[in-house]
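Comments concern the structure below.
The values are calculated or read from the model by the stated rules, or taken from the named source; none is laboratory data. Treat the numbers as computed from the prediction; the structure is a model and nothing was measured. Cβ: placed from backbone, ideal geometry, glycine included. Neighbour counts: every protein chain shown. Note: areas computed on protein heavy atoms with side chains; ligands, DNA, RNA excluded. Shrake-Rupley method; radii C 1.70, N 1.55, O 1.52, S 1.80 Å.
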Amino acid sequence: AKEQGRNRFHYFTASMQEMAQAKMHLTNDLRNALAQNEFQLVYQPIIEFSSGRVQKAEALIRWNHPVRGAISPMEFIPVAEETGLIVDIGNWVFHEAARQTQQWRQRYQPDFQLSINTSPLQLRADASSLQHWQRSLKSVGLPGSALAIEITESLLMDAGFAERLIAMHELGIEVSLDDFGTGYSSMSYLKKFDIDYLKIDKSFVGNLQKGSSDFAICEAVIVMAHKLGIMVIAEGIETSSQLSILDTMGCDYGQGYLFSHPVSALELEKLFKADLKS
Ligand code: C2E
Ligand code: CA
Ligand code: CA
Ligand code: CA
């Protein structure tokens, strides 16, 4: 029994060690990924319900690892946050997004807006992301209003957020509250901060038939947001019945697999000409 116990213990530490080692490899690889040009942005269209056109899109990062292939942001963003690499990665995302948006506005859609995900660390006082973003906008020749920054609810509780929000708005950048309803938001934050868009999390869009609690939540959130002068984007729309229910509720924009999966820049260009709602 003693022998067996020792073996089990040995096995356990070995796997812990393997996990720590795997993470160390990932961290090292992540440090080189920017220099090696391994990141890519893909784009998921955001459809304007009143017109059916692709008026916006959300930029989503992809890491094409030379050995492991595609690694999900769910796996590497937390590591990037822990190591602080997220600030440089985030600045790359912003610059690439700005460059691409400028091109699309010139070629296809003058009022197109791209929405960019951020991690709370990027908006911390010592991150200097805003200066970097300002320089990016200037070098690309893009107005800040062509971009929206998606933030999560936890950032609203950060002491420096009010200042950061004003600075973003001064650049013209709009602010979108992502995954609304899944975090620790309280209504008082919505009253306190001038948020431009609220994104209803996909977990509230899954079960939308009349009488369901998701139905009640979506309906109430849309009414509340509109009374506060905030536009609503629903995410995770997968069926035409979800679309028609949200449209009837007065939701302003929607995204999800029903319209399109996240696609390459080249693929998104084809969608600019389409009416995806009909
Ligand atoms: P998110 O911001 O909530 O992005 C939406 C996620 O839902 C994306 O996963 C998207 O592919 C997926 N999705 C889109 N439509 C549907 C649908 O109809 N049904 C379902 N079930 N899922 C849908 P993805 O691309 O794997 O991104 C995962 C998360 O990684 C994002 O969640 C975001 O938090 C983070 N992320 C992505 N890109 C960036 C980035 O550039 N910077 C930062 N800081 N985080 C990022
Ligand atoms: Ca998002
Ligand atoms: Ca989201
Ligand atoms: Ca507003």
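Taking the convex hull of the Cα atoms, report for segment 127-246 its projected area averaged over all directions, in nm².
8.4 nm²
Describe numerically, in nm with one decimal, the distance between label points set 7 Å from Cα along Cα→Cβ at residue 188 and at residue 16.
4.2 nm
Please report, in whole Å³, the volume per residue of the convex hull around the C-alpha atoms of segment 213-278.
Convex hull volume per residue, Cα atoms: 92 Å³.
Kirkwood hydrodynamic radius for segment 124-164: how many Å is it when counted over pairs of different Cα atoms?
Roughly 11.7 Å, rounded to one decimal.
Which semi-axes, in whole Å and largest first, does the equivalent ellipsoid of the chain have when worked out from the alpha carbon gyration tensor as the square roots of 5 times its eigenvalues?
34, 25, 21
Modelling each spin label as a point 7 Å along the Cα-to-Cβ direction, I'd like the residue 23/residue 163 distance in nm, to one decimal.
Reported label-point gap for residue 23 and residue 163 is 3.2 nm.
For a bin width of 5 Å, list the pair-distance distribution of segment 63-137 built from all Cα-Cα distances, rounded to whole %.
3, 14, 21, 21, 17, 14, 8, 2
If you wrap a convex hull around the Cα atoms of segment 45-94, how much volume per residue is inside, in Å³?
Hull volume normalised by residue count: 109 Å³.
Classify segment 138-196 as rounded, prolate or oblate from the Cα gyration tensor: take a ≥ b ≥ c as the square roots of its eigenvalues, call it rounded if a/c is under 1.5, otherwise prolate when a/b beats b/c and oblate if not.
Note, shape of segment 138-196 comes out prolate.
Near the amide H of residue 117, under 5 Å away, which other amide H atoms are found, from residues 5 or more places off or on another chain, if H is placed in the peptide plane?
59, 150
Give me the number: length gained by fully extending residue 272 to residue 32, i.e. 0.36 nm times residue separation minus the C-alpha to C-alpha distance, one decimal in nm.
83.0 nm
List the residues of segment 178-218 whose backbone N lies under 20 Å from a point placed 7 Å from the Cα of residue 239 along the Cα-to-Cβ direction.
The answer is 200-218, whose backbone nitrogens lie closer than 20 Å to the label point.
Pairs to check: 199/227; 191/227; 56/191; 56/270; 192/227; 56/273. Give those whose C-alpha atoms are more than 19 Å from each other in this structure.
Table pairs above 19 Å Cα-Cα are 56/191.
Please list, ordered by chain and number, the residues whose modelled amide H lies under 5 Å from the amide H of residue 175; skip anything fewer than 5 residues away on the same chain.
For residue 175, whose amide H was placed from the backbone, the distant partners under 5 Å are 149, 196, 197.
Counting alpha carbon pairs within less than 8 Å and at least 6 residues apart, what relative contact order, in whole percent, applies to segment 86-135?
That works out to 46 percent.
Given R₀ = 35 Å, FRET efficiency for residue 99-residue 70 by Cβ-Cβ distance, to 0.05?
Using R0 = 35 Å, I get an efficiency of 0.95.
Quick check on the chain: helices-only [θ] at 222 nm, where DSSP H runs of length 4 and up contribute -39,500 (n - 2.57) each and the sum goes over total residues. Nearest 500, please.
-14500 deg cm²/dmol
Tally up the carbon and sulfur contribution to the accessible surface of the chain as a whole percent, 1.4 Å probe, everything protein left in place.
53 percent
Under a 1.4 Å probe, what is the accessible area of the chain per residue, stated in Å²?
On a per-residue basis, 51 Å².
Cα gyration tensor of segment 46-198, axes a ≥ b ≥ c as square roots of the eigenvalues: rounded (a/c below 1.5), prolate (a/b > b/c) or oblate?
Here segment 46-198 falls in the rounded category.
Once you have the Kirkwood Rh of segment 205-251 from its Cα pairs, apply Stokes-Einstein at 4 °C and 1.567 mPa s and quote D in µm²/s.
The diffusion coefficient I find is 121 µm²/s.
Quick check for me: using +1 on Lys/Arg Cβ and -1 on Asp/Glu Cβ, what's the dipole size of segment 128-187 about its Cα centre, in debye to the nearest 20?
For this selection, approximately 340 debye.
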